[in-house]
1. In the stretch 103-129, how many residues are at pLDDT 65 or above, over 27 Å from the mean Cα position of the chain (by Cα) and not acidic (D, E)?
2. Inspect all residues belonging to the stretch 80-87 and state whether any of them is of a type outside the set (D, E, K, R), without any contact (Cβ under 8 Å) to a residue 40 or more places away in the chain, under 18 Å from T35 (Cα atoms) and surrounded by 15 or more Cβ atoms within 10 Å (Cβ to Cβ).
3. List the number of the failed condition for V100; all other conditions in (1) modelled with pLDDT of 90 or more; (2) of a type in the set (A, V, I, L, M); (3) part of a loop (DSSP other than H, G, I, E, B); (4) under 13 Å from the mean Cα position of the chain (by Cα) hold.
4. Out of the stretch 14-59, which residues are closer than 26 Å to H86 by Cα and in contact with a Phe, Trp or Tyr (Cβ under 6 Å, 6 or more places away or on another chain)?
5. Please specify each residue of the stretch 22-49 satisfying the condition of being surrounded by fewer than 16 Cβ atoms within 10 Å (Cβ to Cβ), in a loop (DSSP other than H, G, I, E, B) and not aliphatic (A, V, I, L, M).
6. Looking at V80, is it at pLDDT 90 or above and in contact with a Ser or Thr (Cβ under 6 Å, 6 or more places away or on another chain)?
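The values are calculated or read from the model by the stated rules, or taken from the named source; none is laboratory data. The structure displayed is predicted, hence computed values, not measured ones. Glycine also receives a Cβ, built like all others from the backbone with ideal geometry; neighbour counts cover every protein chain displayed.
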Amino acid sequence: MRTERAFERRRGTRRRPTLDEPLSQIRLRAGRELTVIDVSDVGLLAEGEMRLLPGTHVDVHLVTCDGRLLIRSRVVRAFVCNLGPHQIRYRGALSFDRRVQTGLVVGYSMPDAASGPTEREGNPYPDSANVLAPLSAEPSFP
């Protein structure tokens, strides 16, 4: 009987992308599409009809909040997840070569509360007498 706690080996927090999110589908450089099961900033778990071999490198097209990216990834593990009479589906865990911001960005960034509003000196309002003076055809000289 094991009395020790399970050790968390994951390097990043995983999340499931929503179906309408661009990150829910990825495309390999070879053109095959995969469905993303879960994703983190350091990797993802994807499923599709393409056979993934552990230890190989693949280039993955991702659409994140930073835009469209081409990320080199290593297949960490892969297995057959569904076996049918006319179809074989594979699942593979991909580890990115660099960190990628895959979190949802909602709204816009707010300025620091510590910075606060800054006082700026602007232009004074024009003198109302000069603005409202009628234009005459002849200039008047004193």
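1. The number of residues fulfilling the criteria is 6.
2. No, the stretch 80-87 contains no residue that is of a type outside the set (D, E, K, R), without any contact (Cβ under 8 Å) to a residue 40 or more places away in the chain, under 18 Å from T35 (Cα atoms) and surrounded by 15 or more Cβ atoms within 10 Å (Cβ to Cβ).
3. Failing condition for V100: (1).
4. R51, L52
5. If the condition is that a residue be surrounded by fewer than 16 Cβ atoms within 10 Å (Cβ to Cβ), in a loop (DSSP other than H, G, I, E, B) and not aliphatic (A, V, I, L, M), then R29, G31, R32, E49 are the ones that fit.
6. Working: at pLDDT 90 or above: yes; in contact with a Ser or Thr (Cβ under 6 Å, 6 or more places away or on another chain): no.
Answer is no for this residue.
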